[in-house]
Every structure is written in C-alpha cells, then in structure tokens.
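The values are calculated or read from the model by the stated rules, or taken from the named source; none is laboratory data. Every value quoted in this text rests on a predicted model; they were computed, and no experiment measured them. Please note: Cβ atoms are built from the backbone with ideal geometry, for glycine as well, and neighbour counts cover all protein chains shown. Heavy atoms of the whole protein, side chains included, go into the accessibility calculation; ligands, DNA and RNA do not. Shrake-Rupley method; radii C 1.70, N 1.55, O 1.52, S 1.80 Å.
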Amino acid sequence: MDIVIQSENLSTATVDAFRVACLAARVRRRENAARLFRLADDAQTRKVATALAAYWRCDATFVPRQMWRADFRVLVLDMDSTAITIECIDEIARLAGKGKQVAAITESAMRGEIPDYAQSLRQRVAMLAGTDESVLDRVRSERLRLSPGAQSLISAARASGWKTLLVSGGFTVFAEFVCQELGIDRCCANGLITSAGRLTGEVCGPPENDGQIVDAAGKARALQRLCSDLGCAADRAIAIGDGANDLEMMALAGLPVAYRAKPIVRQQADFALDHSGLDGILHIFSDAW
C-alpha cells in the first residue's frame, strides 16, 4: 500500500515525520500533498499514521498502489456541507427567525440520530411557512459559497470523462444554481412549494424519484439511475458526502469519500478529507503522481 498525506499547508516537517515513522520506501511531493510508497499495510502502521495525522492536522489516506481515474465513470456529490459550505435550510431559517430550532434538527439528522430523514425535512420546512420567497434569493446571493476545491474537482472530472451528479436532501432552487456554477451534468433534489410569493411550509420530491422526498434511499437511487444510463456498475462511481443520509449512496459506490463529515460517515468511508479541499480526492489516483 501507499499513503497520501495532504492539507492546505503541508509542511516538509510533516512529510519527513511520516516518512521516518512509516518506513516509506520513497516519497514524491506535490504542492500541499505527498505520496509515500510501499508501506507495510498492518495495524501498527495504520495506528502510527492516524496519530501523526491528528498531530500534524492533515489527511492521511492508505491507497492501493494501482488505482486510476479511468477505473471510474461517475462522480456523485452531496450538496449541502459538501459541494457548498452551508446547509441551505438552516440559512433560510436564520433569515426567517427560526435558525436555532431548524439547525438543531438538521444537526441531529446529519449525525444519524433521526432515522426518518423525510419526516425531519417536512418538520423543518413546516416551520418556514409564510416566509417570503425573496429569502431564497438572499441565501443564494449572500450565503451560498462553493467548497474549496469544488471547481477543480469538477474540471478534472470533465477532463477524465466522468459524468457528474449533484444530489441533495435540500432544494432544487439551490441545486440547479450550483450545477450551473460548476458545470455538473445532473441534479436530484427536492422542491420547495410557494404560493403568492411565500413558502407554504410544504416540500415535494422530484419526478425522477416518483415524487418522494430525496432522502438516503433517494440519493442511492439517483446514483444507480445514472450508472444504469451509462451502462456501468455502481462500483465505478465515486460518492462524496458528509451526513448520515449520504451513507446509502456511499455504500453503493466503488470509492466512498467522507468530506468534513460527521463521525458516523467518517467511520464508514474508505477515505476521509478533513483538512483538504474536495479536489484532494484526485491525489488518491496513481496517475496524479
């Protein structure tokens, strides 16, 4: 096995510490990333690497020696707190004066403490009834920001011939905007219902999900649909997420990645990015070196 270490400011001292402690045969360096070759894949080496990553505040990922971009055909990204830095529903709620109540439910749902995501979403959206729909424009223009590395990742996906999909338990009004900004091929998200310029407090799922709210199962089905349309197996997909409602799609994918994720997601993902941008996933591939 090899190990890839990376962070926003990866120091030479960090690389040297890993090289010595993990007995790397050789090292190659790129800006803010390094690959250490031919490490022992045993419990002790992994324990040492985990401790060093915590101390130096970097990502340390054990990777197969031969894994190429061409092995994959699909990239699926969660939206809220993954492709973008915010939870859109929490930002709507803040502007509507319901921030604390809604954010508490969102946090609990993302940690996996609420088993019925769809019901938790309906509960939160109901609290927004009567909010002027101009708030949606304010969230999009004032609060919505792309996550670090998002644009670089999608550009690399396009160059690699991957089809891209944005999935969200949130809302199409934001998902369609993010897709346009990044050049993502497809999106699958929920609709906020409005009437007379105000939110009704109701939410609906997209037609491709038979009108059902996009929850964990809905995200997994969206991944499967795209793979089926391309004639490839789900294990040729990369899935990146941060919350409990991303686990089903990540379980289907050949390369599940946790990004700034809740503990339940980090524990179940093959790879985790806590200190790198989204484009840090590209350093996992052999052809990056």
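Restricting G231, G161, G169 to those that are touching a residue at least 60 places away in the same chain (Cβ under 8 Å), of a type outside the set (D, E, K, R) and open to solvent by 50 Å² or more (accessible area, probe 1.4 Å) reduces the list to G161.
Return the pairs, sorted by first residue and then second, in which the second residue is assigned to a helix (DSSP H, G or I), the first residue lies in the stretch 205-221 and is polar (S, T, N, Q), the beta carbons are less than 8 Å apart, and the residues are 6+ apart or on different chains. Note: pairs meeting the criteria are N209/G218; N209/R221; N209/A222; Q212/A118; Q212/G218. Please specify each residue of the stretch 130-155 satisfying the condition of being open to solvent by less than 70 Å² (accessible area, probe 1.4 Å) and either in a helix (DSSP H, G or I) or touching a Ser or Thr at 6+ places or on another chain (Cβ under 6 Å) (or both). Residues satisfying the conditions are S134, V135, L136, V139, R140, S147, A150, S152, L153, I154, S155. Look through the stretch 191-204, keep the residues that are in contact (Cβ under 8 Å) with a residue 12 or more places away in the chain and open to solvent by 20 Å² or more (accessible area, probe 1.4 Å), and return whichever of them is farthest from L252 (Cα to Cα). Out of the qualifying residues, it is G197. Looking across I281, I240, one residue alone is β-branched (V, I, T) and within 16 Å of V63 (Cα to Cα). It is I281. Residue pairs whose Cβ atoms lie under 6 Å apart, sitting 6 or more positions apart in sequence or on different chains, and linking a residue in the stretch 35-50 that is touching a residue at least 40 places away in the same chain (Cβ under 8 Å) to a partner that is part of a strand (DSSP E or B) and open to solvent by 20 Å² or more (accessible area, probe 1.4 Å), are R35/R28; A49/A60.
Of the residues making up the stretch 52-78, just one is small (G, A, S), open to solvent by less than 60 Å² (accessible area, probe 1.4 Å) and more than 20 Å from the chain's Cα centre (by Cα), namely A53.
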